[in-house]
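*Asks:* One structure is given below, represented as structure tokens, and several questions about it will come after.
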Amino acid sequence: MGGSSRALDFIPGSSPPRTPQWFDALRGFLDEHPHAGVGEIGLDRWMENPNLPDQEAVFLQQLELAAERNLAVSIHCLKAWGPLENALKNNPRPERGFLVHSYGGSAEMIPVFAKLGAYFSFSGYFAHDRKSAQREVFKKVPLDRLLLETDAPDMLPPRELQTFPGEINDPRNIQGIYEYAAGLWNIPLPQLAARMEANFKSLFLAPSKASG
Ligand SMILES: [Zn+2]
């Protein structure tokens, strides 16, 4: 990206690059679409050369805006669970709660994040054989805080879960993930589906506040 900036000036050292206007632009989009969610936002120490202080500064601005307006937030976190906990603990959060998508943290952190308002989403990726440890962690998520996702086009599930088989994950694979999750949590599929619908409504369809 470095040398090709034509009209856009980036904040020096921002990684990945962002313009000084990024926050006003985000606020403007949310003014136009007051029921939209915010995300994915979050912290990622798995990426190449992560600049965590820079990520934290941006994340906190996004989180504050979402909290102010009580918007649904989808949080991405890789290898930064301690910093995420601190950020959430010490700052206002949306009243409706927030989603930690494709949760890859520890079992011990589940009640900690749940107390702060977290929902946890499980993707078909966790159905791969090598992910059995994380599946055990996921079983500790209370059912009223669980959601299911594909994370398409990423996180390709194993072949047997692919309702629409291919090399790229398809959003319609959600069907296979529901069937798999019903087996994993050992509850009938209609009951699981009803629970997921209720959780979805609490998190994503709660009323937001008018922008001030
Ligand atoms: Zn993500």
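*Asks:* Just to make sure I understand: if all protein chains stay in place, what is the order of TYR178, TYR119, TYR103 by accessible area at 1.4 Å, largest first?
*Replies:* Values: TYR178 60, TYR119 20, TYR103 0 Å².
Sorted by accessible area, descending: TYR178, TYR119, TYR103.
*Asks:* What dipole magnitude, in Debye to the nearest 20, does the range 12-204 give about its Cα centre under +1 on Lys/Arg Cβ and -1 on Asp/Glu Cβ?
*Replies:* Working: 19 positive and 24 negative charges, 115 e Å.
I would put it at about 560 debye.
*Asks:* Going from the alpha-carbon gyration tensor of the chain, what semi-axes, largest first and in whole Å, does one get by taking the root of 5 times each eigenvalue? If you can, show how the numbers build up before the last one.
*Replies:* Numbers: eigenvalues 181, 86, 61 Å².
One finds semi-axes of 30, 21, 17 Å for the chain.
*Asks:* Let me ask another. Near the amide H of LEU78, under 5 Å away, which other amide H atoms are found, from residues 5 or more places off or on another chain, if H is placed in the peptide plane?
*Replies:* Placed amide hydrogens put LEU43, ASP44, ARG45, TRP46 under 5 Å from LEU78.
*Asks:* Got a number for the accessible area of ARG145? Probe 1.4 Å, square angstrom, nearest 10.
*Replies:* 60
*Asks:* I would also like to ask the following. List every residue whose amide H lies under 5 Å from the amide H of ALA72, counting only residues 5 or more places away in sequence or on a different chain, with H placed 1.01 Å from N in the peptide plane.
*Replies:* VAL38
*Asks:* On the accessible surface of the range 1-133, probed at 1.4 Å, how many percent belong to carbon and sulfur atoms? Present the calculation step by step, with values, prior to reporting the outcome.
*Replies:* Details: 3720 of 7020 Å².
Summing carbon and sulfur atoms, their accessible area is 53 percent of the total for the range 1-133.
*Asks:* Quick one: net charge around ALA67, please, counting Lys, Arg +1 and Asp, Glu -1 for every other residue with C-beta under 15 Å from its C-beta.
*Replies:* Values: positive: ARG27, ARG69, LYS89, ARG93, ARG96, LYS209; negative: GLU64, GLU68, GLU95.
Value of the local net charge: +3.
*Asks:* Grab the other residues whose beta carbon is less than 12 angstrom from that of GLU95, score K and R as +1, D and E as -1, and report the net.
*Replies:* Values: positive: ARG69, ARG93, ARG96, LYS209; negative: GLU68.
Net charge in that neighbourhood comes out at +3.
*Asks:* Can you list residues from other chains, or at least 5 along the same chain, whose modelled amide H is less than 5 Å from the amide H of TYR119?
*Replies:* PHE98, LEU99, VAL100
*Asks:* Based on Cβ point charges of +1 for Lys and Arg and -1 for Asp and Glu, what charge dipole magnitude is obtained for the range 103-146 about its Cα centre, in debye rounded to the nearest 20?
*Replies:* Details: 7 positive and 4 negative charges, 4 e Å.
With Lys and Arg at +1 and Asp and Glu at -1, about 20 debye.
*Asks:* Here's something else I'd like to know. Net charge within 15 Å of ASP129 by Cβ-Cβ distance, Lys/Arg positive one each and Asp/Glu negative one each, not counting ASP129 itself? Intermediate results must be reported in sequence, preceding the final value.
*Replies:* Values: positive: ARG130, LYS131, ARG135, ARG159; negative: GLU136, GLU160.
Neighbour charge sum, excluding ASP129 itself: +2.
The values are calculated or read from the model by the stated rules, or taken from the named source; none is laboratory data. Model, not experiment: these values are computed from the prediction. Quick reminder, even Gly has a Cβ in these numbers, built from the backbone with ideal geometry, and neighbours come from all protein chains shown. Heavy atoms of the whole protein, side chains included, go into the accessibility calculation; ligands, DNA and RNA do not. Shrake-Rupley method; radii C 1.70, N 1.55, O 1.52, S 1.80 Å.
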